[in-house]
Structures are given as structure tokens and as C-alpha cells.
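Readers should treat all values here as calculations from the given coordinates under stated rules, not as data from a laboratory. Keep in mind it's a predicted model, so treat the numbers as computed, not measured. FYI the Cβ positions are ideal-geometry reconstructions off the backbone, even for glycines, and counts take in every protein chain you see.
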Amino acid sequence: MSLSRKLAVFGVIVMAAGAFWIYTFTHGFSEALHEQSMQNAAAKPLFEAVVTKKLTIGDSLEHVKEVLRYAGLDFSVVRETLPHSEIQSIYRVSPHSGFTIHLEFDSYHHLSKIDIHEYLTGP
């Protein structure tokens, strides 16, 4: 077998191995994201019952803190100065997925904006 034929065969083998590695990596990653998405979907009704349905625009800062504590959520006050206060919290479904809660308050410390987002971070 000539040298060029050996190099061609070696190149094909290397490319096939690389393609297999890329496929298994991307497939595993997409499977992990799908599993995290399914975990979030399963946890969403409980999250909505405990947090979302109990928070409404106009609620006081103290009421919001009570709801978050009752739900067992840790929260951090991002900004507690006038005219606006902000609170952030994370509801973890698994180590890599869950919901983020961002709440903004007006100058009277009443809830003015609720932002809830699902997050998936991968394996």
C-alpha cells in the first residue's frame, strides 16, 4: 500500500472518530437539556401554586418576603433604595435547572413588576 493511500485511510478513520465523538457529545448534551426541561415542567404547577398565584402587582414588600419565606425560597435584595427596590430569588428544581424570580417595587414599596424565567444550564 502506498503512503498516500495509508494517509487517506488514516484520515478517514480520524474523521469518522471525530464525527462519532461530536455526535455523542451533542446528543448527550441535548438529552440533558431535555431532561432538565421535563423536570421544570413537572415542578411548574407546584411553583405556580406556592409562589406565582400568591403574588400580585400592588403587594407590599413585607407580604412578598413572607410568600418567598413560606415557599422556602432564599432571596436577595438587589437594591433597597428609593425610588425602586428589587428582589431576586431562584427556585431550583435540580442543580442545573429551575426558575429565576425578579421582583421590582415602586417608591411606596409595592410590587410593580414580576419577571419569572425558566433556566437550563446543561450538564
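In terms of surrounding Cβ atoms within a 10 Å radius of their Cβ, 112, 60, 4 rank from fewest to most as 4, 60, 112.
Each Cα pair under 8 Å and six or more residues apart adds its separation to the average, and for the chain the resulting relative contact order is 23 percent. The shape of the chain can be summarised by an equivalent ellipsoid whose semi-axes, obtained from the alpha carbon gyration tensor, come to 51, 16, 9 Å from longest to shortest.
Expressed as an acute angle from 0 to 90° and rounded to the nearest 10, what is the orientation of the C-alpha long axis of helix 61-70 relative to the principal long axis of the chain? Compared with the principal axis, the helix lies near 50 degrees.
The chymotrypsin sites (Phe, Trp or Tyr not before Pro) of region 94-123 meeting both criteria, a DSSP state outside H, G, I, E and B (loop) and at most 15 other C-beta atoms within 10 angstrom of the site's C-beta, are 108.
Taken one residue at a time, the phi angles of region 3-16 give Karplus couplings (6.51, -1.76, 1.60, θ = phi - 60°) of 4, 5, 5, 4, 5, 5, 5, 4, x, 5, 5, 5, 5, 5 Hz. Gly and Pro are set to x. Backbone amide hydrogens, once placed in the peptide plane, bring residue 120 within less than 5 Å of nothing, excluding anything fewer than 5 places away on its chain.
Placing dummy labels 7 Å off each Cα toward the beta-carbon, the span from residue 90 to residue 116 is 1.9 nm. For region 3-120, lysine pairs with C-alpha atoms less than 25 angstrom apart, excluding pairs fewer than eight positions apart on the same chain, total 9.
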